[in-house]
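Here the structure is laid out as structure tokens; the discussion comes afterwards.
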Amino acid sequence: MAIIQIENLSKTYAAVENPRDKTGGKEPVYILRDVNLGIAEGEFHIFLGWSGCGKSTLLNIIAGFIEKSSGRVLVDSRPVVKPGFDRGVVFQNADSAIFSWLSVWKNVEYGLKIRKTPSAERNNTVRRCIELVGLEGHEKKLPKELSGGMKQRVQIARSMANNPKILLMDEPFGALDAQTRKLMQNELIKIWQETSKTILFVTHDIQEAVYLGQKISIMSRSPNARIMDTITVGEPYPRNLSSPENAALIQRIQGFFDIEYTI
């Protein structure tokens, strides 16, 4: 059964003049149009597409940060109308997402304090989440003392501390160097396998999508972006992108982008 159900979802922005309308009428610009998708509980699902195609908009609608224009988004059969602790969010820019004046420990426990979680339970949860992302020994450090990868670990730990059913990740490794990015990808797979969370992950990198995802939803260009196809990746973890199976899958996905490029 799908934990997330997206039905006929569309998102429009400001109306613009229609050059075909001689009366000067205006029509809305569709960023997303008629998106339909079901995501199973515990699934690692990738949204893959061109930069600016609406992937982040779709993720933000699921998170409850942006209102849809039409259609429905259901989480656990309930319509999404606002953000909730059942959906944790990890952004690309950790510097703007975590609190620069708080230590690693205090960043991770922030949501728990807001929810008035008892002290003993809060301490146990923070300790467990810091261990989960491999930040033991760095609890007292401020963000300015951390590397980019470590800051992203803080974001993930803070999201995990609230025990969300769903982890929404918007190109979280896009700003990292290649070596740190690979390390963080492996850490994320480990966390997902240990926690069985549902993960929605936005990227424009085909190799990253194939390395991480169980399913990959490939999006068309915006405006009127839609899901062109959803592909199941059958290869077990850890994955070797040079294997014949994965190399063929990467080439197949590249074909979608080549077609879109010529349209």
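The values are calculated or read from the model by the stated rules, or taken from the named source; none is laboratory data. Since this is a predicted model, take the numbers as computed values, not measurements. Positions of Cβ are generated from backbone atoms using ideal geometry, with glycine treated the same way; all protein chains shown enter the neighbour counts. In case anyone asks, the SASA skips ligands and DNA or RNA and just uses the protein heavy atoms, side chains included. Shrake-Rupley method; radii C 1.70, N 1.55, O 1.52, S 1.80 Å.
Points to keep in mind about this one:
- For region 103-144, residues that are of a type in the set (A, V, I, L, M, F, W, C) and open to solvent by 90 Å² or more (accessible area, probe 1.4 Å) total 1.
- Pair list, Cβ < 9 Å and 6+ apart or interchain, from region 74-101 residues that are without any contact (Cβ under 8 Å) to a residue 24 or more places away in the chain and of a type in the set (Lys, Arg) to residues that are open to solvent by less than 70 Å² (accessible area, probe 1.4 Å) and assigned to a loop (DSSP other than H, G, I, E, B): Lys82/Gly64
- Any hit, region 206-220, residues being without any contact (Cβ under 8 Å) to a residue 40 or more places away in the chain and open to solvent by 70 Å² or more (accessible area, probe 1.4 Å): no
- Filter result for Met160 (in contact with a Cys (Cβ under 7 Å, 6 or more places away or on another chain), in a helix (DSSP H, G or I) and open to solvent by 10 Å² or more (accessible area, probe 1.4 Å)): yes
- Hits in region 115-139 (condition: touching a helix residue (DSSP H, G or I) at 6+ places or on another chain (Cβ under 7 Å) and more than 20 Å from Gly88 (Cα to Cα)): Glu136, His138, Glu139
- Among the residues of region 1-37, the one identified as part of a loop (DSSP other than H, G, I, E, B) and either within 17 Å of Ile66 (Cα to Cα) or at pLDDT 70 or above (or both) is Met1.
- Residue within region 239-246 that is of a type in the set (Ser, Thr, Tyr), assigned to a loop (DSSP other than H, G, I, E, B) and in contact with a helix residue (DSSP H, G or I) (Cβ under 7 Å, 6 or more places away or on another chain) present: no
- Top-ranked residue in region 169-183 [being surrounded by 24 or more Cβ atoms within 10 Å (Cβ to Cβ) and touching a strand residue (DSSP E or B) at 6+ places or on another chain (Cβ under 7 Å); ranked as modelled with the highest pLDDT]: Met169
- Criterion applied to Lys106, Lys55 was being without any contact (Cβ under 8 Å) to a residue 12 or more places away in the chain and under 24 Å from Pro172 (Cα atoms), and the one residue passing it is Lys106.
- Taking region 184-194 as the range and being without any contact (Cβ under 8 Å) to a residue 40 or more places away in the chain and open to solvent by 30 Å² or more (accessible area, probe 1.4 Å) as the test, only Lys190 passes.
- Taken together, the residues in region 91-117 that are more than 24 Å from the chain's Cα centre (by Cα) and of a type in the set (Phe, Trp, Tyr) amount to 1.
- For region 49-90, a tally of residues being surrounded by fewer than 13 Cβ atoms within 10 Å (Cβ to Cβ), among the basic types (Lys, Arg) and under 15 Å from the mean Cα position of the chain (by Cα) returns 0.
- Test: residue in region 223-234 that is loosely packed, with under 11 Cβ neighbours inside 10 Å and either part of a strand (DSSP E or B) or not β-branched (Val, Ile, Thr) (or both): yes
- Ser70 satisfies every condition listed in (1) at pLDDT 95 or above; (2) within 22 Å of Phe173 (Cα to Cα); (3) among the hydroxyl-bearing types (Ser, Thr, Tyr) except (2).
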